[in-house]
Structure formats: C-alpha cells, structure tokens
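The values are calculated or read from the model by the stated rules, or taken from the named source; none is laboratory data. Everything quoted here is computed from the prediction, not taken from an experiment. Please note: Cβ atoms are built from the backbone with ideal geometry, for glycine as well, and neighbour counts cover all protein chains shown.
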Amino acid sequence: MRHPASARLRNAGAVKRQLLLLVTAVVVVDLCFIAGYFIFDLNTGGNPARIGYAAAWTVVTLLVVLRFLTRIRSLRGR
C-alpha cells in the first residue's frame, strides 16, 4: 500500500538531512583516503600496494553509502 503524500512530506526534512550527511560522509572518506595516499607515499609504492589501497577505499566508501542509504530507505518507508 502506498503512503499518503502527507506522510512522505513529513519525513522529507529527515530524508534531506540524511542525504546531506551521506554526501558529507563520502567527501570526508575521500579526503581521508586522498591524504593517506600522499602520507603513505603510495605514488612511488608498488602496484599491489596501490591496488590494495584502492580496494580498501572502495570498500569503506561502499559501507558508508550502504549505511546511509539504509537509513534513507527506512525514513521513506515510514
């Protein structure tokens, strides 16, 4: 059953807030990993180190996004 428009509008502020937090969290994760790339001097490191670092970056970003999207989905489902 679909929820009435008034119920969706009631949660619109919370959804927008979670979306803003999602974008902010992804930017923070990216900034941390970019800084770590240069701090750990991976631009001169070996290829396996860079691939592992990129894989870790991808996994952390995916976890952050999934966490916030789950919250957004639960807010929209109420």
Hey, ARG76 among the basic types (Lys, Arg) and in contact (Cβ under 8 Å) with a residue 60 or more places away in the chain or not: yes
Can you run down the residue pairs with Cβ atoms below 9 Å, 6 or more apart or on separate chains, where the first is in segment 28-49 and within 21 Å of LEU63 (Cβ to Cβ) and the partner is part of a loop (DSSP other than H, G, I, E, B)? GLY36/LEU42; TYR37/ASN43
With the condition kept exactly as written, say whether any residue in segment 6-14 is of a type in the set (A, V, I, L, M), under 18 Å from ARG67 (Cα atoms) and either modelled with pLDDT of 90 or more or touching a Lys or Arg at 6+ places or on another chain (Cβ under 8 Å) (or both). yes
